[in-house]
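Report on the following structure.
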Amino acid sequence: MASSPAVMRVVASAFMVAERAGSIVRKVLHSGDLGIVEKTGASDLQTQADRLVQKSIVASLSRSFPTITIIGEEDLPPEEVEEDLIESRQSEEVLKKHCPAEYSGLREEELVVWVDPLDGTKEYTEGLLDHVTVLIGIAYNGTAIAGVINQPFYNYQLGPGAALGRTLWGMLGLGSFGFQLQEVPGGQRIITTTRSHSNKLVTECVQAMQPHDVIRVGGAGNKIIQLVEGKASAYVFASPGCKKWDTCAPEAILHAVGGKLTDIHGKAYRYDRHVKHMNSTGVLATLRNHEYYTSRVPEAVKKALLSD
């Protein structure tokens with residue numbers, strides 16, 4: 001559908017590319033050789049799935065949209081990409097949606113795509129497969145306007161024969177799709193936070209929210225899915241470490257259903273092509289009552305994570 005607005009075609013392509021990425025992630029796992037290398041240490045890993053998926057996403061989107069800007073997590077050398085990694089199809093489901101008027105005239109060269117080929121790599125290597133996601137976020141004028149999240153192992157706990165994987169997507173002014181929006185029942189404060197990157201600041205900030213329960217899991221994409229599916233009421237990470245490719249797609253999907261993702265001070269992140277990649281002032285995301293959670297952040301945490 002060449003007549004569809006450019007941004008809808010980009011999202012429709014990203015949807016199908018994410019589906020292919022999910023199948024690559026599963027294939028690498030089933031091969032029995034994850035090809036693990038340490039990037040900066042034992043908690044910062046890269047697998048063959050990270051490498052192949054980023055090659056697939058970047059090559060596929062670049063071929064369909066040659067003037068788009070793509071920023072991926074993995075620092076990979078330029079090389080020929082195998083044809084079986086290329087996805088050229090576009091999702092009919094996405095193309096059938098009506099593009100919000102404010103984005104209908106956007107040109108592909110105005111869009112910036114942020115890619116995390118495998119969010120939750122450490123969990124992937126440890127067999128915690130429900131934590132793993134593929135993230136493709138689309139930004140315009142510094143704002144995350146659309147996002148696609150693939151869960152390669154959705155349903156894996158149902159055992160052999162279960163249909164694996166699902167793809168969620170959303171766009172500002174249009175809504176989010178691929179899941180049933182739910183909220184935590186009874187107004188409970190259930191905080192989801194990091195599983196493997198905790199420290200004193202993170203713990204202090206989480207406890208200051210007066211949570212009824214705390215869930216420690218991997219992956220920013222996974223945590224945002226917990227918010228929109230009613231398993232958690234806030235995602236709190238009072239530490240540097242999270243990057244723009246971790247939050248762009250999840251933020252767009254969350255904002256499209258009325259939620260909010262900011263830094264720990266309540267300040268929005270920007271996703272222009274030239275911004276620094278690190279979310280150095282933490283992450284605070286909610287489906288509702290964002291002001292309550294920002295008001296509970298301790299002053300010591302705010303001072304430690306000084307706003308840029």
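Report whether or not HIS265 is touching a strand residue (DSSP E or B) at 6+ places or on another chain (Cβ under 6 Å) and not hydrophobic (A, V, I, L, M, F, W, C). Answer is no for this residue. Where strands (runs of 3 or more DSSP E) fall wholly inside the stretch 68-181, the ranges with 1 or more residues that are open to solvent by less than 60 Å² (accessible area, probe 1.4 Å), under 22 Å from ASP272 (Cα atoms) and at pLDDT 95 or above are 69-72, 111-119, 133-140, 143-151, 166-171. Taken over the stretch 188-228, the criterion of being touching a strand residue (DSSP E or B) at 6+ places or on another chain (Cβ under 6 Å), open to solvent by 40 Å² or more (accessible area, probe 1.4 Å) and touching a residue at least 60 places away in the same chain (Cβ under 8 Å) is satisfied by ARG195 alone.
Looking across the stretch 229-241, the residues that are free of Cβ contacts under 8 Å to residues at least 60 places away in the same chain, touching a Ser or Thr at 6+ places or on another chain (Cβ under 9 Å) and not polar (S, T, N, Q) come down to LYS231, ALA232, ALA234, TYR235, VAL236, PHE237, GLY241.
Strands (runs of 3 or more DSSP E) fully within the stretch 212-291 that include at least 1 residues being over 16 Å from the mean Cα position of the chain (by Cα): 213-217.
Being out of contact with any Phe, Trp or Tyr (no Cβ under 7 Å at 6 or more places or on another chain), outside any helix (DSSP H, G or I) and in contact (Cβ under 8 Å) with a residue 40 or more places away in the chain, is that true of even one residue in the stretch 47-65? Yes, that holds for at least one residue. The residues of the stretch 34-76 that are within 24 Å of GLN90 (Cβ to Cβ) and basic (Lys, Arg), listed by number, are LYS55, ARG63. Can you confirm whether the stretch 217-235 contains a residue that is at pLDDT 95 or above and over 24 Å from TYR154 (Cβ atoms)? No, the conditions are met nowhere in the stretch 217-235.
The values are calculated or read from the model by the stated rules, or taken from the named source; none is laboratory data. Predicted model, so just to flag it, every value in this text is computed and none were measured. Please note: Cβ atoms are built from the backbone with ideal geometry, for glycine as well, and neighbour counts cover all protein chains shown. Surface areas here come from the heavy atoms of the whole protein model, side chains and all, with no ligands, DNA or RNA. Shrake-Rupley method; radii C 1.70, N 1.55, O 1.52, S 1.80 Å.
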